[in-house]
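Report on the structure given below.
Where a number appears in this text, it was derived from the coordinates with a stated rule and is not lab data. All of these numbers come straight from a predicted model, not from anything done at the bench. Glycine gets a Cβ as well: all are built from the backbone with ideal geometry, and neighbour counts include every protein chain shown.
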Amino acid sequence: MGNRAMKMKKVFATLRALLDVLENLVGQSPTDRLHRQILEEIKRIKRSDAALRGELMPYNIVPLDTSSSVANIFGFFPEVIAATAAIQNCEDLPRFPFDTPQLRQKDIFDLLQYVFGFQEDNIRNQRENVVLMLANAQSRLSLQIGSEPKIDEMAVTDVFCKVLDNYIKWCRYLGRRVAWTSLEAVNKNRKIILVALYFLIWGEAANIRFLPECICYIFHNMAKELDGILDSSVAETAKSCTTEGSTSFLEKIITPIYDTMAAEAENNKDGKAAHSAWRNYDDFNEYFWSRSCFELGWPPAEGSKFLRKPAKRKRTGKTNFVEHRTFLHLYRSFHRLWIFLLLMFQLLAIIAFHHGKMDIDTIRILLSAGPAFFVLNFIECCLDVILMFGAYKTARGFAISRLVIRFLWLTAVSTFVTYLYVKVLEERDTRNSDSTYFRIYGLVLGGYAAVRIMFALMAKIPACHRLSSFSDRSQFFQFFKWIYQERYYVGRGLYESISDYARYVIFWVVILACKFTFAYFLQIRPLVEPTNIIVQLHDLKYSWHDLVSRGNKNALTILSLWAPVLAIYLMDIHIWYTLLSALVGGVMGARDRLGEIRSIEMLHKRFESFPEAFAKNLSASRIPSRRIDRVNESEITTKTYASIFSPFWNEIIKSLREEDYISNREMDLLMMPSNCGNLMLVQWPLFLLTSKIMLANDYASDCKDSQYELWDRISKDEYMAYAVKECYYSTEKILHSLVDAEGQHWVVRLFRDLNDSIAQGSLLVTINLKKLQLVQSRLTGLTGLLIRDETAGRAAGVTKALLELYEVVTHEFLSQNLREQFDTWQLLLRARNDGRLFSKILWPKDPEMKEQLKRLHLLLTVKDSATNIPKNLEARRRLQFFTNSLFMDIPQAKPVSEMIPFSVFTPYYSETVLYSMSELCVENEDGISILFYLQKIYPDEWANFLERIGCGESSEDDFKESPSDTMELRFWVSYRGQTLARTVRGMMYYRRALMLQSYLERRCLGGIEDGNSAAEYIDTQGYELSPDARAQADIKFTYVVSCQIYGLQKQTKKQEAADIALLLQRKYTALNCLGTPSLVKANLRTKTMP
């Protein structure tokens, strides 16, 4: 079956290509009757091939069929093989009463398509989706791979519980039994079928996807219907989706709900209608938050209130909310804060006027906060009643009844508490009173406070959540909780942990304590004495007519005194919050090491710690260094960490060069060697070592001390020490590989004597440091020739440069004793006299040696300051952002194969994809074009771009002569504008990063199995072409651009359609563009028809 399917696929692909070519040729010709007939015939052939296409390509994007081709790497992933076999397990299913596919194996999706009439494209999409979910869940278990991979029960259960989590919670909320008896009673195959059914419902639900609880209702009934069908011997079509002898889930279930929603949307009048005049998505969805939704029946009754379309007199109303735009929301939305602040102001003022004394009279006055509290809550309830106007005729009775009950309750309790407090005050003025009203008043307030505290604990304290959930079973407690707080389906399980809640409470206690302390001592108490003085002033003559203050103890004057203080009191909580949050945030950020790298200079200083941080925080545990780390941590050196870090760092630098943020020279200085060679030291990027050799030469020339004191002075700059060591070891290695025969004897003898002198501490006796700069100049000339390609003239130049280096080192650099030894060495003397010394040059061919030569030459010649590398601010920002992330507190990294997959979806309508040359060159009224503007805004990036494409200062006409340069120019400009190309490039970096990490991990595993060392597999050359890495990235990451009018753009031959095709074909082959070529709908036998 596999070979036949492969041949059919090739034939089908060829036929489709020929039809596309023919369609394009006919479309470019003049339109007449013959051309129209040809186009109609092409469309007919394409429609007839739809069924064959479904068999040959059972998946939509990722080719997951395991028996398609040897070249299809997806078919060799064990988790994909196991997931595919799981959906093809049809042993426990009823017999299929229809023709099964001939070119592939049947699976559970074929059964579901027959039973419920799902569309073909939906089947292909969700088949791929379920296989990927099962495969990813299997890979996260890290199980041993057998000869025949099988899906694990834990993986299936994990997917089942995650997908159907909302459905299970919905059933629990409504007190309904789920569609299965128990989780343990459902076997693995039934779980996969239910997951597949849920995704098929979701995939064909259109805008009903925005009604998650409606999806749960549909799934609940269809799952029950499916359960009865699965228990039968022969599969049959579902009655709920059958109409007139055919089956269509879309027409029977989705269309009636969609039509009702569409009619309500039309009633919106383009946003001009009142919020109460039409039902939105929330109103439709909240219908399924009560048990009354089951009165809708199955399939949904067409005459039900839910499906009633809006009319002038009869329409279904909103649920429990209507929007009014008014300034009254300023109080209503934050009423708890306003009430709390006003009550505290009242209490603090009372304490201040009683001079801080807490006697029984003061306590009686403080209890006046009780009536104030209830009155303020009553005002808020009145606002609730007022702001529901416009929805009383249409709102559900459940929402109205709560408003009425709260209004009556707060009216009664406000009146009662106010009456009691008046009696308490009268009782205070009565002699020999037994304080009866005072005790009753205290009992009422205490009881009410206890109840409110209990409800607050149940709602806020994490330890009481289980008790709160348990109390929901009682109608009595449920009623009072409903009065206290509206009962919603969403947001019920969003609780903080005890530690987080405790920190949150402490944070606000400190803020409020600071605020109220400040308010009492610096705002309220200083006004007490002036207020008392003003009150005691009598017979004041006002220069203006006053009806308020006269005879009322100067009330207006007192109001003008306290009003600014009250206003500041209400507002300064934001100041205290800002101050404390800044302080706490700074401490937490410092503890979590956020923003530790704040400048490029700090990046230079901390660079040595980056490899270790990366290896421990962002490197997967399968990388060899981590394995060695567990065996013997003391043997792990900085060089090992650097070898792990360098591939990722270098890819970041390459991406900066591709985006023209840095030049070729800056890239050479920023690139980090692989650190897998034979050099016994860490090789850091050259931008850390620039000018260090020159400075070390100056130290050596001025040295009058011992060798150790010179080295201590050099070692004060650790990067200078690294530069000196690398220069020495690289020179030795390069000279060893460059010469042979007598020349190699000289190199071996020279460095042996130097190493002995270094070990003995007599280096200053062995060499003349004054001549070190002369040696450097000769060595620089030699490396300058070797970094170029080999020619006869350059070979002679290298020989001459080696002889000059030999003369300088032997006769000027070395001490007198060593000089005499080399001069009397007969082997060298004869070769020198015969002209054989350095006559045979082994020109460097190995890429690693070439890279080392180039690096040594730059190390000897670059004098740029490290603070100027890189120059571009965006490049600096990105490097700082990446290095800051290395020190953050993040979970332990896992291999790509075990990561959670994710998808990115970008909606696109008709925005610019790529700028055309005409758009770039057209000038505005000021004579400025887009290209000219960008050249002036980004001069360094423009110079880097010209360097990358190999052009000098080119004009617009020069670019038009080269199609490739024109395309590069269009992309360069588009990447700096608000275009789709820029968005796509940024998102595709995710895939590139996954490919790199997967490539390195697979090479690590291969190296471990073969017993190889790290030097043999830490190499990123060609990772973007690796089939394994590309397949692993496609399994874990999907990027889709929704081109909403792509079909129209293609038919009208808009530039946007061509540019989208260009992105797909030339730049990002893994990009997925979703577009509808024409209007589609499902017929009664589930086939997609144009």
| said: Within a 10 angstrom radius of the beta carbon, how do Cys90, Cys214 rank from fewest other beta carbons to most? | reply: Cys90, Cys214
| field | Difference of contour (0.36 nm per residue) and Cα-Cα distance, Arg877 to Asn267 | value | 214.7 nm
| message | List residues of region 931-952, by number, whose backbone nitrogen lies under 12 Å from a label position 7 Å along Cα→C-beta of Ser964. | response | 949-951
| task | At 7 Å along the Cα-to-beta-carbon direction for both Ser435 and Arg452, put a label point, then send me their distance in nm to one decimal. | result | 2.3
| request: Give me the orientation-averaged projected area of the Cα convex hull of region 57-319, in nm², one decimal. | output: 16.4
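Taking K and R as +1 and D and E as -1, what net charge do the other residues with C-beta under 13 Å from the C-beta of Leu230 add up to?
Working: positive: Arg95, Arg190, Lys191, Lys224; negative: Glu91, Asp92, Glu225, Asp227, Asp231, Glu236.
Spelling it out: positives minus negatives among the neighbours equals -2.
If you stretched the chain out fully between Thr578 and Asn817, how much longer would it get, using 0.36 nm times the residue separation minus the C-alpha to C-alpha distance? Show your work: numbers first, answer last.
Working: separation 239, 0.36 × 239 = 86.04 nm, distance 7.49 nm.
Full-extension gain reported as 78.6 nm.
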| message | Above 16 Å lies some portion of the pair distances; for region 752-805, what is it as a whole percent of all C-alpha pairs? | response | 55
| remark: Listed by chain and number, the residues whose amide H is under 5 Å from that of Ser1042, excluding neighbours fewer than 5 places away on the same chain and using placed H, are Thr906, Tyr908, Leu1074
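Contour minus end-to-end for Asn532 and Arg665, with contour as 0.36 nm per residue of separation and end-to-end as the Cα-Cα distance? Don't skip to the answer; put the middle values down first.
Working: separation 133, 0.36 × 133 = 47.88 nm, distance 7.93 nm.
Taking Asn532 through Arg665 to full extension adds about 39.9 nm, to one decimal.
Work through the residues other than Leu1048 whose Cβ is under 12 Å from its Cβ and net out their charges, Lys, Arg +1 and Asp, Glu -1. Numbers along the way, then the final one.
Values: positive: Lys1050, Lys1053, Lys1054; negative: Glu1056.
Counting the neighbours of Leu1048, the net charge comes to +2.
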| task | Set the Förster radius R0 to 41 Å, insert the Cβ-Cβ distance between Arg402 and Asp361 as r into 1/(1 + (r/R0)^6), and round the FRET efficiency to 0.05. | result | 0.50
| query | How far is the Cα center of region 148-176 from the Cα center of region 916-992, in Å? | reply | 51
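Return the FRET efficiency for the residue pair Leu343, Lys770: r is the Cβ-Cβ distance, R0 is 60 Å, and the value is rounded to the nearest 0.05. Before the final figure, lay out the partial values.
Working: r = 86 Å, r/R0 = 1.43.
Plugging the Cβ-Cβ distance into 1/(1 + (r/R0)^6) gives 0.10.
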| Put a dot 7 Å past each Cα toward the Cβ at Leu1064 and Val234; how far apart are the dots in nm? | 4.4
| message | To make sure I understand, if each residue's beta carbon is the centre and we count other beta carbons within 10 Å, what order do Trp170, Trp298 fall in, fewest to most? | response | Trp298, Trp170
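Work out the FRET efficiency for Ser918 and Asn207 from their Cβ-Cβ distance, taking R0 = 41 Å, and round it to the nearest 0.05.
In this case the efficiency is close to 0.55.
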| query | Gln760 versus Tyr989, label points 7 Å from Cα toward the beta carbon: distance in nm? | reply | 5.6
| Sequence of Asp717, Asp539 once ranked by neighbouring C-beta atoms within 10 Å, starting from the fewest | Asp539, Asp717
| Within a Cβ distance under 14 Å of Lys863, other residues only, what is the Lys/Arg minus Asp/Glu net charge? | 0
